[in-house]
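Here the structure is laid out as structure tokens; the discussion comes afterwards.
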Amino acid sequence: MTKTAGQWALVWAMGASLVGAAHAAEPDVGGIRLGMDAQEALKIANNDLQNKVYVDTVKTTLNLTIDGKTGSFDNYTFGPKFSNENKILNFSISPLTNKVWAITKNEYVAGDRPALKAIADAAAKFGKHDPASIKPTGYGQHWMYDKAGKEIEWVNVYDKPRNGNCFESLKDYSIGGGRMRGYLYYPVAPTTACATLYSVSAKSSKQDGLADQFSSFAMDVGAFVDWFKVMDTQRNKALEDEKNRAAKPAL
């Protein structure tokens, strides 16, 4: 049965209310939460796989190089093989703690399209909804929080936060290909000013208030800060070891 825009709004709003009430401090993306143990996250995603929410899964070991530092970590992508509706869940694991530190979920809608307002209502589990964020072409909001759970104000999608710079910028890392393509977002030059980041966006190609695609992502900025510190230490030690091994010239 085809749902109207109003029915979609009700379904999404109810889902957001229930999830937000039960897990206000740790909102999920596709059922996965930041800081969740890797095995617990895999159990949830594999259950969705068995229930045909997703039909394929790929594990990838990613190598990320930033400012001359290189490290590796595991990433999991759950998505479609051959289907009209394309849903992709992507989450990666901190190599220091074995816990989830980044999540993205993308959906490309081929059938009944949800209302942009319904998506914005559902996104309220991540933070306060800004009605002005819904435009004819789509919807988009970011929420950033410090370690104490206090929100750091972001003027709009493009501006840096007023109360402290969480990172210099965000970059995306493309994973897989075809229908199983996913994306990991990671912070460049992150600081301790920010602990977590959540973001939701949606697009309406027909500009009719209904979304053709929507996505959400969450990132544990603090976990990346810790990992970058470890990589700095490892790189400095490697450089020192190389100096110590260097031949001593006779002058």
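Protection proxy ranking of 128-140, 105-117, by the mean of other Cβ atoms within 10 Å over each peptide's residues and highest first, is 105-117, 128-140. Extension gain residue 50-residue 112, at 0.36 nm per residue separation less the Cα-Cα distance, in nm? Result: 20.0 nm gained on full extension.
Extension gain, residue 128-residue 230: 0.36 nm per intervening residue step, less the Cα-Cα distance, totals 33.3 nm.
Evaluating 6.51 cos²θ - 1.76 cosθ + 1.60 at θ = phi - 60° for every residue in the stretch 57-64, the Karplus couplings come out as 9, 9, 9, 10, 9, 9, 10, 10 Hz, glycine and proline recorded as x.
The portion of the accessible surface of the stretch 20-150 made up by carbon and sulfur, rounded to a whole percent, is 50 (1.4 Å probe; DNA, RNA and ligands excluded). Here the simple spin-label model places points 7 Å from the Cα toward Cβ, and for residue 188 and residue 244 these points are separated by 3.5 nm.
What the phi angles of the stretch 42-48 give under the Karplus curve with 6.51, -1.76 and 1.60, with θ = phi - 60°, is a coupling list of 5, 4, 5, 5, 5, 5, 5 Hz, glycine and proline written as x. In order along the stretch 190-196, the phi-based Karplus estimate (6.51 cos²θ - 1.76 cosθ + 1.60, θ = phi - 60°) of 3J(HN,Hα) comes to x, 10, 7, 5, 10, 9, 9 Hz; Gly and Pro are listed as x.
The values are calculated or read from the model by the stated rules, or taken from the named source; none is laboratory data. Because the structure is a prediction, the values reported are computed rather than measured. Here the Cβ is made from the backbone with ideal geometry for all residues, glycine too, and neighbour counts use every protein chain on show. Quick note on the areas: whole protein, heavy atoms, side chains included, nothing else; ligands and nucleic acids left out. Shrake-Rupley method; radii C 1.70, N 1.55, O 1.52, S 1.80 Å.
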